[in-house]
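The values are calculated or read from the model by the stated rules, or taken from the named source; none is laboratory data. Fair warning: this is a prediction, and the values are worked out from it, not measured in the lab. FYI the Cβ positions are ideal-geometry reconstructions off the backbone, even for glycines, and counts take in every protein chain you see. SASA here: full protein model, heavy atoms, side chains in, ligands and nucleic acids out. Shrake-Rupley method; radii C 1.70, N 1.55, O 1.52, S 1.80 Å.
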Amino acid sequence: MSGNKATMLHESAIGHVTGRAAYTDEVHPPLGMVELHPVLSPHAHARITRIDSAAAQNQHGVLAVLTAADVPGVNNTGPILRDEPLLPVDQVCHHSQPVAWVVAETPAVARAAAALVAVDYEPLPACLSTAEAIEQEQFFLPPAQVARGDAGTALDAAPLRLSGELAIGGQDHFYLETQASWVQVDSEGIVQVLSSTQHPTETQIIVARVLGLPSNRVVCRSLRMGGGFGGKETQANPYAAIAALAAWRCGRPVRIKLLRELDMQLTGKRHPFHARYEVGFDAEGMLQALKVQLYADGGWSCDLSPPVLMRAMVHVDNAYYCPHVHIEGRICRTNLPSNTAFRGFGGPQGMLVGEEIIDRIARHLQLPAEQIRERNFYSASAQPPRNTTPYHQPVVDNVIADLWAQLKASSEYDRRREQIAQFNDGSARRKRGIAITPVKFGISFNKTEYNQAGALLHIYADGSIQLNHGGTEMGQGLHTKILGVATRVLGVSPKRIQLMTTSTDKVPNTSATAASSGSDLNGQAVKAACLTLLERLRPIAAKRLNCAVDQVAFVDDCVQVAGDAKRQLPFAELTAAAYAARISLSATGYYRTPGLHWDPKAGRGHPFYYFAYGAAVSEVEVCGYSGVHRLLRCDLLHDVGDSLNEIIDRGQIEGGFVQGLGWLTCEELRWGAQGQLLTNAPSTYKIPTVGEVPTAFQVDLYRRQADPSTDVIFGSKGVGEPPLMLAISVREAIREAVAAFAPGASQVDLGAPATPEAIYTAIARLRARR
Amino acid sequence: MSDAPFLTINGRRFDLTGVDPQLSLLRWLKTQRLHGTKEGCADGDCGACTVALLHRDQDGTSSYQAVNSCLLPMGMLAGRSLLTVEGLAKGDQLHPAQQAMVDCAGSQCGYCTPGFVMSLFAGCYSDAADALADSAIAGNLCRCTGYAPIRRAAQQLRRQSCAGDAFAQRLAVYSGDGECADLPGFHRPRSVDEALARKQAEPEACWIAGATDLGVDLSHGRKRAGGYICLDRIAKLQQLSIEPQRVLIGAGVSLSRLERELAGVFPALDQMLPWFAARQVRNQATLGGNLGSASPIGDLLPVLLALDASVHLRGPEGAREVAISRYFLDYRWTARAADELIVAVELPRREGLINASLKVAKRQTDDISIVAAAFALALAADGSIAHVRLAYGGVAATPQRALAVESLLIGRHLDIDSVEVAAAALHSAFAPIDDHRASAAYRSGLAADLFRQFAATVVP
């Protein structure tokens, strides 16, 4: 089990540390490379009455000023609804929306010329927040629903009842590499796109759509991304499309890489949410009924908001069973950038609402919050069973109670809780808090058809191998895991395999690398391709080794008679023999996740192949003078099944957690009165630094007791998103510390993110109430 | 002296003739196809573009200084030497800083990695106690790893020594800048007199010290003065003298040097410096620059107010000293005349002065403050307050003292009553603004509560 599985480092690690690993905008610029700069709208919502680009076009070095009229195909990049013009025709819908793009010899010329494009606007009323959208009933699509039982009646019947609201802030992806694309129309008229995209197939489709071409005229490759996190799932598309349009119009290779402030102003973010809830429960804190209304800020276009909202709706329950549930969701249409996928894809917002409700119940009953959490866990063994989600899917392979108990023990939760109570008794202006929170996260795309993948494997006669799969590498280590899968199945060393740049001309019709499913889907497809070729090689080997076909084993770059290392052939000898015997050494692999179905209208089905579980304990200290908090210690226990690569999984857990803590503490998006993003640079938008991460940071992988009921690649589990939500423990620990300033408070409200000001305000509010 | 301007990178000389002197080093590196150095923000906030600048102190010791290449205009670099990430490995032989990052899985997407490698690299050749501590990498943002593996890489490096390796040897023989011609518009005088004469000749030229503020504008192509007078080669500005009665800090002394060489003298300074930006910026930023830009939230300015600093200026009319209390006139407007140069800052050492500083920001590490406060207090023999300074940044258009509240406290004992009276007065002493960092109400609250926090350390 150990071997390369646990020890293989990131396949590009050496490239990363030496600077030799190239990114999209860095490939050698071909002769005549030109660049782009946008003309930005100064209004959040306005009618365009005139665009005069004559002065810009006359500038030396300017090739073109692209407007809607230049689009030969469909002027729309919307991935679900066709509501997202690449270049606006008569209206701008958010501040800084590109109205036109200047194509020029250098970035400086493009930028200077963009300032010369004269645009006249008639401002229109703008909707700049979820609150305004709710009031004005500005929504995309009809309401979505997830329901079970009769929440209304059960609420009326419940012994205790609470209601409340929660506003949840958004989050900028802040991938270190901003959106980048590079496009050239080759000698055969094929549009060659290199894009920092998580979804090359969709980028291909959108580029083809904009240029009015069939898909076979566009090739999209994704080299490696300097971070994605969902931000390059759909939102790489417009930048690839505009570069393609420029290349098409000007007949020159075109490169685009957004400046950081443009990236932050133009692209969508994690959806801010507004939630209203009513919960019914009993004196023990057992959930009886739950009614939740979720509003997601979609921004100016629909983008991926419907599935994001749905994932939020099916994660309000988190790890808790509630018999009667009614969740309704709406997507607000605002004049802000179009919000999009971001690690967790709505799940974190839904879960945050669920945990908020649990905390309300706990404080109302004056019981420890972890008790309320434990009592309400999904459980298959309870009588009657409490193990079916509000969307009617059973919670398969439920390990949360065991995982929780292990973490409580290893983190010495109970002892520390007592110590903290003592510390707080003796400290008037510094208070500590500790909290433990669970994560149950559904793995698979809600949209069933995305749950498929392909691979293409070539073995050359000399025994070297080229491997293609449909997944993209954004730092998450997918390529490394895939290499691990291929080496395990083929019994060869990693250096024999060249992993190829993800490309739509190698593997077509791929899904986004998203939803924590990259290794599940592509790993299985690669495994299938490998098995196909092994089956073809086996008879050749049997003949050469003089054994039965089923005795042939592929081990250590050799093929041997199983169990007899003396009777073996080098892999390269076998492949040469196979070539000579006229055996095809190229194969595709394909995988579709079994058993999935989902009815989006009814909000019910079996959308997830399985669940990933985890839990985290966080301890913080809050300064009562300033509202500043310090994270003192974190203990994480997370379920990755039989890890494909423990180093990489650990990295995902640590990194996801810290990204989550950024979302919930220091990362705050602020907008001006005109709808302009005020926090459009790292000087004003603060993601965590090493200083925000405690040195006491324990991460362990959960070892399950029983075999899983599902067949995920080598027993592993997806890990990209779930750990982000472990950071909810930080928020709840802060809330505990804030509560310690006013013991006995029956409600402790805390802003999300819990910035120093939000914490300061929360403490002041509690003190005022006493 | 009239040699063509050049820059030495990874031991190789690059001719800078014809290079746009206002172009940032980062962008210029791209034109040379040195892509290892990454652009994450071009703002000096992410560290992805960190390179190691060879630097020779006046005492002759040389060091590698981690700096943000996005903030350095090419005009400042004529004659200098630096290393980029491409210069560390020898073929397949990785530098220990690179090997540690590989061993500890310190890279995921890899985009921030060259910056971390360069920060760690510089740390490998520094004697400072915190050379490979968190503070060495707090100016590098990583969005993937959560920093834990990078911290482990730094720990691994702390157990190793690079003494005697090729890079240590290069430091040992480094003799300072090479002499060469300036790039057009960037003057690099060797003396204060020369600098002042240049300013007389070119009144529109702009002083440029560490370029950590001006460099942001240049990086974004925003501010383009007619010319620049670089102050980093003037020996006099690099002097730091710690005397029994006073400390005299040359205006060009970097904040990193202050952190090291002035440690233990003024608690208020010791407490604020670690929270002033991050290592790459502190390696370049100067007290003179901080006073010259006179930002209302310049973190060290309240400290200077609390410590009764005086600003030493030199101009065509000669030298003069301006008390810090008369220095700030209005938003980014000071008592310094346009043709005057800040040469030094003097801090009196007062026996028994209790002093401390506090800073609150949205993120505590490497952020611009919401409110920064510095307090100083001296008690008379009877325990009453004989001297008090309550200084703040972020609450007004300039860094400010709460003069009325100071008067209120003089002669009183610092008991709970006095603290509460002062805090109540501080709450309404300023009229701060609402902005994207914080609300006015929070800033007013902090003005009072940070004083309470300070007072609690004096009278627990």
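Tabulated results
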item: Taking N as its residue count, the alpha carbon Rg of the protein assembly as shown over 2.2 N^0.38 Å; result: 0.95
item: Region A:452-592: translational diffusion in µm²/s, Stokes-Einstein, Kirkwood Rh over Cα pairs, 10 °C, 1.306 mPa s; result: 104
item: Local net charge near residue A:605, Cβ-Cβ under 13 Å (Lys/Arg +1, Asp/Glu -1); result: +3
item: Long-range amide H partners of residue A:555 with built H, under 5 Å; result: A:560
item: Amide H contacts of residue A:64 (H built 1.01 Å from N, under 5 Å, at least 5 apart or other chain); result: A:103
item: Exercise: per-residue mean of other protein chain Cβ atoms within 10 Å, B:428-437; result: 2
item: Counting all C-alpha pairs of chain B, share separated by more than 42 Å (%); result: 17
item: Test item: Cα-centred dipole of region B:354-458, Lys/Arg +1 and Asp/Glu -1 on Cβ, debye; result: 240
item: Label point distance in nm, residue B:201-residue A:283, each placed 7 Å from Cα along Cα→Cβ; result: 9.1
item: Taking region B:354-458 and dividing mean pair separation by its residue count, relative contact order in percent (alpha carbons under 8 Å, at least six apart); result: 23
item: Dipole axis of the protein assembly as shown (+1 Lys, Arg; -1 Asp, Glu on Cβ), positive-most option in A:720, A:501, A:86; result: A:501
item: Leading residue at positive end of dipole, chain A (Cβ point charges), from A:631, A:575, A:340; result: A:575
item: ³J(HN,Hα), Karplus 6.51/-1.76/1.60, whole Hz, each residue of region A:649-658, x for Gly, Pro; result: 4, 4, x, 5, 5, 4, x, x, 4, 5
item: Dimensions in Å of region B:354-458 - Rg and Dmax from alpha carbons; result: 13.5, 46
item: Region B:139-194: trypsin sites (Lys or Arg not before Pro) in DSSP coil with no more than 11 other Cβ atoms inside 10 Å; result: B:159, B:190
item: Set of lysines with alpha-carbon distance to residue A:543 below 17 Å, sequence-local pairs under 8 removed; result: A:566
item: Simple label model, 7 Å out from Cα along Cβ direction - residue B:382 to residue A:562, nm; result: 9.8
item: Derived scalar couplings ³J(HN,Hα) [region B:329-341; Karplus, 6.51 cos²θ - 1.76 cosθ + 1.60; whole Hz; x for Gly, Pro]; result: 9, 7, 3, 6, 10, 10, 6, 6, 6, 4, 8, 8, 10
item: Antiparallel bridges, percent of DSSP beta bridges restricted to the protein assembly as shown (to nearest 5); result: 85
item: Relative contact order (%) - criterion: Cα under 8 Å, at least six apart; region: chain A; result: 15
item: C-alpha center-to-center spacing [region A:425-451, region A:280-344] in angstrom; result: 15
item: Pairwise label distance in nanometres, residue B:235 with residue A:382, each label 7 Å out on the Cα-Cβ vector; result: 8.0
item: Under 15 Å from the Cα of residue A:431 - aspartates and glutamates, other chains or at least 8 residues apart; result: A:418, A:619, A:621, A:732, A:736
item: Charge sum, other residues only, whose C-beta stays under 15 Å from residue A:26's C-beta, Lys/Arg counted +1 and Asp/Glu -1; result: +4
item: Prolate/oblate/rounded call for region B:1-177, Cα gyration tensor, a/c under 1.5 rounded; result: oblate
item: Vicinal HN-Hα couplings computed from phi for region A:611-616 (Karplus, 6.51 cos²θ - 1.76 cosθ + 1.60; Hz; Gly/Pro x); result: 10, 9, 10, x, 7, 9
item: When each of B:38/B:223; B:90/B:362; A:481/B:30 is checked by Cα-Cα distance, pairs over 30 Å; result: B:90/B:362; A:481/B:30
item: Amide H partners (placed H, <5 Å) of residue A:224, local residues excluded; result: A:24
item: Where region B:354-458 is the region considered: accessible area per residue in Å², 1.4 Å probe; result: 33
item: Per-residue mean of C-beta atoms belonging to partner chains within 10 Å, peptide B:93-104; result: 3
item: Label point at residue B:223 placed 7 Å out along Cα→Cβ; residues across region B:274-293 whose backbone nitrogen lies under 19 Å; result: B:277-278, B:281-293
item: Helix-only [θ]222 nm of chain B, DSSP H runs n ≥ 4, -39500 (n - 2.57) each, per residue, nearest 500; result: -8000 deg cm²/dmol
item: Carbon and sulfur %, accessible surface of the protein assembly as shown computed with the full protein complex present, 1.4 Å; result: 51
item: Accessible area that becomes buried as A packs against B, both chains, 1.4 Å probe, Å², nearest 100; result: 5600
item: For region B:295-386: rounded, prolate or oblate by the Cα gyration tensor [a/c cutoff 1.5]; result: oblate
item: Size of charge dipole - region B:1-99 - debye, nearest 20, with Cβ of Lys, Arg +1 and Asp, Glu -1, no other charges; result: 260
item: Cα pair distances of region B:61-154 binned at 10 Å [whole percent]; result: 16, 48, 31, 6
item: Dipole axis of region B:354-458 (+1 Lys, Arg; -1 Asp, Glu on Cβ), positive-most option in B:441, B:427, B:361; result: B:361
item: Accessible area of chain A divided out per residue, in Å², using a probe of 1.4 angstrom; result: 33
item: Proximal charge balance of residue A:661 [Cβ under 10 Å; K/R count +1, D/E count -1]; result: -1
item: At least 24 Å along the helix axis (C-alpha) and Kyte average at least 1.6, DSSP helices within chain B; result: none
item: Total charge dipole magnitude, region A:452-592, about the Cα centre, Cβ charges on Lys, Arg, Asp, Glu only, Debye to nearest 20; result: 220
item: Region B:1-177, relative contact order [Cα under 8 Å, separation at least 6], %; result: 25
item: Hits among aspartates and glutamates - C-alpha to C-alpha of residue A:447 under 13 Å, sequence gap 8 or more where chains match; result: A:599
item: Burial of 40 Å² or greater, region A:670-718 residues [accessible area, probe 1.4 Å, versus chain by itself]; result: A:670, A:682, A:683, A:684, A:686, A:687, A:689, A:690, A:692
